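Contents: one structure, followed by commentary.
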Amino acid sequence: MIFTTQQLIEKYNNLADPKGKISRDVDKGLLFPVSRGFYENNQDTDGIKLAQFIYGPSYLSFDYVLAYYSIIPEAVYKTYTCATFGKKKKKEYKNIFGNYIYRDIPKEVFSYGVKLIEDGSYSYQIALPEKALCDKLYTISPVLSLKQFKALLFEDLRIDETELNKMDRKIIFKIAPMYHKKNLDWLIAYFKEN
């Protein structure tokens with residue numbers, strides 16, 4: 001279960017030094033730092049459940065989600081890629097639960113195509129496959145033609161064409177223009193052609 005520093009201080013308020021107790025619990029392996037101000041008491045907690053506590057607002061997206069939905073073949077063990085907005089630069093964090101990478105997308109598209117997962121006492125947000133693909137394409141330098149775009153999809157990113165063609169085109173057509181990036185225009189063109 002995740003705890004804030006304040007929750008732990010309140011929990012240990014009968015002690016003379018609550019912050020000292022927190023430090024000792026970390027040293028003993030009873031608490032595990034997630035990020036500044038957050039602790040987890042179970043070292044076996046799946047890192048997917050903790051991404052939003054490290055840096056936010058955020059949701060899981062990009063390569064992690066594309067691999068999660070079997071759209072790309074590669075999956076990096078315990079590396080969680082997340083979308084944020086308004087942060088201006090890429091951020092990376094590492095703890096015992098995994099490696100966390102956060103990248104900006106446009107604020108106006110941030111809340112679209114994301115679902116909430118509830119798992120016991122945890123909840124986290126994860127992009128739909130269509131949104132994860134759009135987020136990923138937003139971060140890549142634009143290509144100059146539909147032919148180059150197909151090479152980007154199927155050779156560079158190694159997107160599974162069958163999985164790509166299963167995507168909900170309504171979602172793509174709604175959110176892709178909101179990124180204001182040429183690669184997303186090519187994605188719409190690809191779907192219109194196929």
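The values are calculated or read from the model by the stated rules, or taken from the named source; none is laboratory data. Nothing here was measured: the structure is a model prediction, and the numbers come from that model. Using ideal geometry, Cβ is built from the backbone for each residue, glycine included, and neighbour counts are taken over all protein chains shown.
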- prompt: So is Phe97 modelled with pLDDT of 95 or more and not β-branched (Val, Ile, Thr) or not?
  reply: yes
- prompt: For the range 69-86, how many residues are surrounded by fewer than 17 Cβ atoms within 10 Å (Cβ to Cβ) and touching a residue at least 24 places away in the same chain (Cβ under 8 Å)?
  reply: 5
statement: Counted residues in the range 87-113 being surrounded by 14 or more Cβ atoms within 10 Å (Cβ to Cβ), without any contact (Cβ under 8 Å) to a residue 40 or more places away in the chain and polar (S, T, N, Q) come to 1
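Kindly indicate which of Leu153, Leu116, Leu144 is in a loop (DSSP other than H, G, I, E, B) and either without any contact (Cβ under 8 Å) to a residue 40 or more places away in the chain or in the same structural domain as Thr84 (by TED's automatic domain parsing) (or both). Walk me through how you get there before you give the answer.
Numbers: Leu153 fails: in a loop (DSSP other than H, G, I, E, B); Leu116 fails: in a loop (DSSP other than H, G, I, E, B).
Unique residue meeting the criteria: Leu144.
Here is a yes/no grid of residues against (1) at pLDDT 95 or above; (2) assigned by TED's automatic domain parsing to the domain that holds Tyr124; (3) basic (Lys, Arg):
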residue	(1), (2), (3)
Tyr55	no, yes, no
Ser61	yes, yes, no
Val65	yes, yes, no
Pro73	no, yes, no
Thr81	yes, yes, no
Thr84	yes, yes, no
Lys87	no, yes, yes
message: Out of everything in the range 46-100 that is of a type in the set (A, V, I, L, M, F, W, C) and part of a loop (DSSP other than H, G, I, E, B), what residue ends up being nearest to Met178 (Cα to Cα)?
response: Phe85
